[in-house]
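Notes to accompany the following structure.
Just so it is clear, none of the values below were taken in a lab; they were calculated from the coordinates. Please read all numbers here as calculations on a predicted model, not as lab measurements. Note that each Cβ is placed from the backbone with ideal geometry, even for glycine, and that neighbours are counted across all protein chains shown.
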Amino acid sequence: MLLMLSAGVSAKTYQHELGTAELSAPPKKVVSLDWVLTETLLTLDVAPQAIADVSGYQEWVSLPVLPEGVVDVGSRREPNLELLAQLKPDVILMSKHLAPAYEKLSAIAPTLVYSVYSEKKAPYQQAEVITRQLGVLFEREAKAEQVIDATRERLAQNGQRLKTAGMASHPLLIVRFIGDKHLRIHGEGSLAQNTLARMGLKSGWAHETNLWGFSSAGMEKLAPLQQASVVYFGPLDEQVQQTVFNTPLWRAMAFSREKRVYELPAIWSFGGLKAAERLSEQVTQRLLAGQQS
């Protein structure tokens, strides 16, 4: 929980995951070094001055759309400290995954640390917490509650639409193809699994997952789970698609024979509430339309 620990004439001190930071006013010049924090800022109608890896955000996250003119401060793992200093931001936002750079960033501007993905393995819940924390920081508390309530409502509505249509009987395997032989299968602790749960749908993957909520596996791991439907993050390279979907193993599995394989557009699988809403919308649309690969 974000706490305002003290107040002088006007300054407030905010607690975050690696300490505290003091701000004399709601920040205007904001740098975000984490895409899920960037996504959350934009849902609160806060336009960042700069973010890490602009082109990567536009390709992998895509929505909310990044405003024109946002400065690119380099990679998410190694932001350009010299450029950051020149920008003179009011605040820098980062996740704990960039912790080794925290001291150097704090020397440039007050730096606040919020992580959606952590040992807690509850990204949807944590995304709500951070949405509220940023709502307080930018004095947009009402907007934060609006975003949280609207997302919850939309996910519940989508789940009900699928149940009403009789499309919720098969568990869902949410996967990302890594080349033509391996998969990331999203399960416990993933935004995908959290989103399905909020929709009242069943995940088909119950095996151990890493901090990000996915397991790395070969295609053969799907064989015992072929009664589930498969939803994969796209776009998938055409050559990989041709190779994977024409293997004897893939063609023999029930979800392939019964055409229960669905491709999603680009959605950031390590995002926040907006990504969860988009995932819910796209899963619902694909299943209702019966669009199979």
*Any chance you could list the semi-axes, whole Å, largest first, of the equivalent ellipsoid that the Cα gyration tensor gives for the stretch 1-144, using √(5λ)?*
21, 18, 15
*Taking Rh as the Kirkwood radius computed over C-alpha pairs, what is the Stokes-Einstein D of the stretch 151-293 at 25 °C in a medium of viscosity 0.890 mPa s, expressed in µm² per second?*
164
*Measure nothing but the geometry: give the 0 to 90° angle between the long axis through the Cα atoms of 141-164 and the longest principal axis through the Cα atoms of the chain, rounded to 10°.*
0
_the stretch 88-193: C-alpha pair distances exceeding 18 Å, %_ = 67
*Here are some pairs, K120/K259; K120/K274; K120/K181; K143/K163; K120/K163; K163/K259; which of them have Cα atoms lying more than 27 Å apart in this structure?*
K120/K259; K120/K181; K143/K163; K120/K163
*aspartates and glutamates within cross-link reach of K121: Cα-Cα under 20 Å, excluding same-chain residues under 8 positions apart?*
E17, D34, E39, E188, E208, E277
*What are the semi-axes of the equivalent ellipsoid for the stretch 242-293, taken as the square roots of 5 times the Cα gyration tensor eigenvalues, largest first, in whole Å?*
25, 13, 8
_Largest first, please: the extent of the C-alpha atoms of the stretch 16-91 along each principal axis, to the nearest Å._
34, 28, 24
*Pick out, from A252, L66, A99, the residue whose Cα sits farthest towards the positive end of the charge dipole of the chain, with +1 on the Cβ of Lys and Arg and -1 on the Cβ of Asp and Glu.*
A252
*Over the Cα atoms of the chain, what is the Rg over Rh ratio if Rh follows Kirkwood?*
1.01
_Let me check against my output: what whole-number percent is the relative contact order of the chain, with C-alpha pairs under 8 Å and at least 6 apart?_
17
_Can you give me the angle between helix 273-289 and the longest principal axis of the chain, using Cα atoms only, in degrees from 0 to 90, rounded to the nearest 10?_
20
*Å³ per residue of the Cα convex hull, for the stretch 128-168?*
47
*Looking at N194, V129, L162, which one has the Cα that reaches farthest to the positive end of the dipole of the chain (charges on Cβ: Lys, Arg +1; Asp, Glu -1)?*
L162
